[in-house]
Each structure stands twice: as structure tokens, then as C-alpha cells.
Amino acid sequence: SQELEQSPQSLIVQEGKNLTINCTSSKTLYGLYWYKQKYGEGLIFLMMLQKGGEEKSHEKITAKLDEKKQQSSLHITASQPSHAGIYLCGALGNFNKFYFGSGTKLNVKP
Amino acid sequence: DVKVTQSSRYLVKRTGEKVFLECVQDMDHENMFWYRQDPGLGLRLIYFSYDVKMKEKGDIPEGYSVSREKKERFSLILESASTNQTSMYLCASSLGWSPGQGSSYEQYFGPGTRLTVT
């Protein structure tokens with residue numbers, strides 16, 4: 001089955017610092033999705049990556065998919081308290097099932 | 001904007017009760033999903049549906065059933081609630097499956113229902 005491993009599991013950074021979250025797949029990805037979840041709420045779609053080497057940015061968040069399409073990173077530049085939450089990567093696996101990583105909890109200290 | 005709504009934000013039920021969780025989406029999406037989210041386990045797929053009256057088991061369907069009589073509505077049913085079904089339940093919908101459709105099949109999530117079974 002498709003497995004997505006995220007690291008780190010949790011992260012505390014000082015406001016203004018940069019950070020990176022990683023997502024590694026056991027199989028080649030057809031598409032890699034990044035979501036953000038505020039504590040106790042639903043998930044918000046951030047970005048999708050499909051092509052090897054692809055990179056997308058939205059405001060201060062940049063996501064990349066490696067050439068082999070098995071690893072993705074999410075980078076936040078100059079973090080702010082509004083970036084706090086849980087970041088999850090997701091991917092479409094076999095039999096049209098969608099899989100998620102276990103998530104990375106991010107806290108940003110003012 | 002896509003809107004996915006869930007019938008309750010918080011729900012408390014007793015062991016053995018039959019529980020219905022409702023999910024409605026307003027964007028004519030073909031696919032709908034039910035997940036549960038537990039600390040340390042992430043999101044786990046319970047059931048999904050790719051068309052009206054169609055359903056597929058996810059990774060943890062035991063103890064649950066679903067119903068999709070109309071395209072916009074996908075219901076999750078706990079036939080006899082148990083304490084190990086205490087969890088956050090998230091509903092999602094998406095447009096399509098084909099990788100060729102690009103971003104058309106990202107999933108849109110509802111706000112979640114936190115269910116406590118006592």
C-alpha cells in the first residue's frame with residue numbers, strides 16, 4: 001500500500017525563521033498534495049505537484065517534488081504565527097485511494 | 001468556492017447508539033470521502049464514493065457503513081457506536097480521478113465532526 005512518511009512530526013520555530021517539512025513516499029507519486037489544518041478544523045488545500053522537479057510557491061510557502069517523484073518538501077520562509085497548524089501531504093494511491101502522511105505540527109513562537 | 005458542510009461540529013453519543021454523520025457538498029463533485037483522524041495515526045480513509053449509490057471500502061471500514069442517495073450528500077453511519085470510534089471525522093469531496101486533469105482532483109474538506117462515544 002502507499003505510505004507517506006512526514007518529518008519532522010512536530011516543529012517549534014521562532015517567528016521570522018525558515019523551516020522545511022519533508023514527505024517521502026514508498027512508491028512513485030502520480031501527484032503530491034499539501035494541505036494545512038488549523039487545530040480542530042478541516043484541511044485546506046495548499047498546492048499540488050505532479051511533475052518531477054516541479055516547484056510551486058504561494059506567498060511564503062514553496063513546495064518541491066524531486067525528480068524521482070518520491071519525495072516532496074514544503075518550505076516556509078520568514079514564518080509567522082499564522083503559519084501555525086498541521087501540515088499534511090497526501091497522494092493518490094492504488095485503486096483510487098487517497099493517502100495522507102501523519103502530519104507535521106508547526107508552532108511559531110512570536 | 002467549494003463548500004463542504006458537515007451536520008455537526010461536536011457530537012456525544014452513547015455506546016450502542018446508531019450514529020449518522022452527514023456531509024453535503026455544493027460543487028457537483030463526483031467523489032466523496034469519509035476519513036477519521038486520530039493523534040499519531042493521521043487521516044485514515046473509511047469509505048469513499050465515486051458516484052451516486054456507489055461505494056468503496058477504504059482502509060478501516062469495519063463498524064461503519066455509508067449511504068449516497070444523492071450526488072451532493074454522503075452519509076457515514078455507525079451501526080452501533082463504540083468507544084473506540086471516538087474520533088474526529090472529516091468529509092471531503094473532489095471532482096475527478098484522472099492524473100491528466102491536473103489539479104481537478106484535489107480534495108476539499110469539511111470542518112470536521114468531533115465525535116465522542118461514552
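None of the figures in this text is laboratory data; all of them are computed from the coordinates on show. Everything numeric in this text was worked out from a predicted model, so none of it was measured. Cβ: placed from backbone, ideal geometry, glycine included. Neighbour counts: every protein chain shown.
Long-range amide H contacts for B:GLU17: which residues qualify at under 5 Å (H placed 1.01 Å from N, peptide plane, sequence gap of 5 or more or a different chain)?
For B:GLU17, whose amide H was placed from the backbone, the distant partners under 5 Å are B:ALA81.
What is the Å³ per residue value for the convex hull set by the Cα atoms of chain A?
Normalising the Cα hull of chain A by residue number yields 88 Å³.
Among B:PHE48, B:LEU11, A:ILE44, whose Cα projects farthest towards the positive end of the dipole of the protein assembly as shown, with charges put on the beta-carbon of Lys, Arg (+1) and Asp, Glu (-1)?
After comparing all options, I get B:LEU11.
Largest first and in whole Å, what are the equivalent-ellipsoid semi-axes of region B:16-118 based on the Cα gyration tensor, each being the root of 5 times an eigenvalue?
One finds semi-axes of 24, 15, 11 Å for region B:16-118.
Distance in nm between label sites at B:ARG44 and B:GLU69, each 7 Å beyond Cα in the beta-carbon direction?
A separation of 3.0 nm, rounded to one decimal place.
Below 8 Å, C-alpha to C-alpha, sequence gap of six or more: please give me the relative contact order for region A:21-110 in percent.
Values: 190 pairs, mean separation 26.7, N = 90.
Relative contact order of region A:21-110: 30 percent.
Quick query: amide H of B:GLY58 versus all other amide H atoms, modeled in the peptide plane; which residues come in under 5 Å with a sequence gap of 5 or more or a different chain?
Those lying under 5 Å, H to H, from B:GLY58 are B:TYR47, B:PHE48.
Mind checking the mean number of beta-carbon atoms from other chains within 10 Å of the Cβ atoms in B:78-91? Numbers along the way, then the final one.
On the way: counts 0, 0, 0, 0, 0, 0, 0, 0, 0, 0, 4, 0, 4, 1.
Per residue, the average neighbour count from other chains is 1.
Could I have the simple spin-label model distance between A:THR62 and A:SER7, label points 7 Å from Cα toward Cβ, reported in nm to one decimal?
Rounded to a tenth, the inter-label distance reads 2.2 nm.
How shielded is A:45-51 by partner chains, expressed as the average number of their Cβ atoms within 10 Å of its Cβ atoms?
Average neighbour count from other chains, rounded to a whole number: 3.
Other chains' Cβ within 10 Å of A:22-33 residues: what's the mean?
Across A:22-33, the average partner-chain Cβ count within 10 Å equals 1.
With the cut-off at 1.5 for a/c, could you classify region A:52-95 from its C-alpha gyration tensor as rounded, prolate or oblate? Provide the component values of the computation, followed by the final result.
Working: a/c = 3.20, a/b = 1.60, b/c = 2.00.
Note, shape of region A:52-95 comes out oblate.
Tell me the label-point distance for the pair B:THR118, B:ARG14, using the 7 Å Cα-to-Cβ offset, in nm and rounded to one decimal.
1.0
Let me know the Kirkwood hydrodynamic radius for the protein assembly as shown, please, with Cα pairs as the basis and the value in Å to one decimal.
Numbers: mean 1/r = 0.0556 Å⁻¹.
Averaging 1/r across every pair of different Cα atoms and inverting gives 18.0 Å.
Taking one equal scatterer on every alpha-carbon of region A:12-76, how large is log10 of I(q)/I(0) by Debye at q = 0.22, 0.23, 0.24 1/Å?
-0.95, -1.00, -1.06
For the pair B:ASN84 and A:GLU55, what calculated FRET efficiency results from E = 1/(1 + (r/R0)^6), where r is the Cβ-Cβ distance and R0 = 35 Å, to the nearest 0.05?
0.25
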